[in-house]
């Protein structure tokens, strides 16, 4: 058999690449089996990317999940969409963009038709004027008036058609603008809790740091983590865990102001940006959230079986000039770690250590 007919997978230059691909695929399957996750396409793609070490952000995100020992399909889909996916939003935006182009094309066609009709009307008027000017009898005048009325009626109908077409295009473009805004908002929201997601958090924190730097204003950041959340998932299942995440998001949302932002930072972690808020006020607010969450008495639907106390730990950091987003997050993370180490169900801010009675 000649070299030109040799299957590509038998070519020496491709064998090493295929060997690596098979190794990555085997590693992905082993991870899926070890952690008992459904072997869905998103799961395999994420674990394959992790095994291949092809994207540092994927490696970091998966390592965080692996350290917890278990994770839900929802978490896998979240990480996949954030680092490997996102095609749905892009396709929606592309589709809306195509519709906008079509509507603009229709508008241009209507305007072009309007210009053409206007030119024809102007030409007709000149012809009528010329016919009347060159005649001494009344007959051409009568004919000219008849034609003038006819041309005027035609122009009126064309103008009416043009206005209707432009109004319809205006309505369609306004609809598309709303759809585009909806897609944009959805891309910044966590689908489970309906609060903002990590992407929105990163954008907002960067903007608030710029604002605080320029205006020399206060800014605090809190990172929260539900205590023993893995145990809740293992005991009651991920559906119950998802409901608890939604409850926690609701407790936080009900306590913050309009200028504040809460986002699902990842898994059972939440981030709270508090602009124009000093450390004392921020600590009091975060501790109120902690207390309200710890006082919730949650039970299973149907059986009314108590789930037990669900508490959260919080790390709170204050912005200082020259601090970057990464620095502020790291400071809040360290405070959160301290709260966990000191017994959980605490707020650690360096100003006030608060814990459950």
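Failed condition for residue 237, given (1) within 25 Å of residue 76 (Cα to Cα); (2) surrounded by fewer than 19 Cβ atoms within 10 Å (Cβ to Cβ); (3) touching a residue at least 24 places away in the same chain (Cβ under 8 Å), with all others met?
Exception for residue 237: condition (3).
Tell me yes or no: at least one residue of segment 260-276 is touching a residue at least 40 places away in the same chain (Cβ under 8 Å) and surrounded by fewer than 17 Cβ atoms within 10 Å (Cβ to Cβ).
Taking segment 260-276 as the starting set, the residues that turn out to be touching a residue at least 40 places away in the same chain (Cβ under 8 Å) are 261-276.
Now narrow it down to the ones that are surrounded by fewer than 17 Cβ atoms within 10 Å (Cβ to Cβ): 276.
Looking through segment 260-276, at least one residue is touching a residue at least 40 places away in the same chain (Cβ under 8 Å) and surrounded by fewer than 17 Cβ atoms within 10 Å (Cβ to Cβ).
Can you tell me how many residues within segment 277-306 are touching a residue at least 24 places away in the same chain (Cβ under 8 Å), touching a strand residue (DSSP E or B) at 6+ places or on another chain (Cβ under 9 Å) and not in a helix (DSSP H, G or I)?
4
Would you check if there is a residue in segment 31-41 being surrounded by 17 or more Cβ atoms within 10 Å (Cβ to Cβ), at pLDDT below 80 and either closer than 13 Å to residue 79 by Cβ or not assigned by TED's automatic domain parsing to the domain that holds residue 267 (or both)? Lay out the reasoning, then the answer.
So the first thing to find is which residues in segment 31-41 are surrounded by 17 or more Cβ atoms within 10 Å (Cβ to Cβ), and the list is 31-32, 37.
From what is left, the residues that are at pLDDT below 80 are 37.
Narrowing the set further to residues that are either closer than 13 Å to residue 79 by Cβ or not assigned by TED's automatic domain parsing to the domain that holds residue 267 (or both) leaves 37.
Yes, some residue in segment 31-41 is surrounded by 17 or more Cβ atoms within 10 Å (Cβ to Cβ), at pLDDT below 80 and either closer than 13 Å to residue 79 by Cβ or not assigned by TED's automatic domain parsing to the domain that holds residue 267 (or both).
Exactly one condition in (1) modelled with pLDDT under 95; (2) assigned to a helix (DSSP H, G or I) is not met by residue 259; state its number.
Of (1) modelled with pLDDT under 95; (2) assigned to a helix (DSSP H, G or I), only one is false for residue 259: (2).
Would it be correct to say that residue 309 is outside any helix (DSSP H, G or I), surrounded by 15 or more Cβ atoms within 10 Å (Cβ to Cβ) and not assigned by TED's automatic domain parsing to the domain that holds residue 66?
Working: outside any helix (DSSP H, G or I): yes; surrounded by 15 or more Cβ atoms within 10 Å (Cβ to Cβ): yes; not assigned by TED's automatic domain parsing to the domain that holds residue 66: yes.
Yes, satisfied.
Is there a residue in segment 317-326 that is at pLDDT below 95, under 22 Å from residue 250 (Cα atoms) and surrounded by fewer than 17 Cβ atoms within 10 Å (Cβ to Cβ)?
Scanning segment 317-326 turns up no residue that is at pLDDT below 95, under 22 Å from residue 250 (Cα atoms) and surrounded by fewer than 17 Cβ atoms within 10 Å (Cβ to Cβ).
The values are calculated or read from the model by the stated rules, or taken from the named source; none is laboratory data. Note that this is a predicted model, so its numbers are computed, not measured. So basically every Cβ, Gly included, is an ideal-geometry build from the backbone, and we count neighbours across all protein chains shown.
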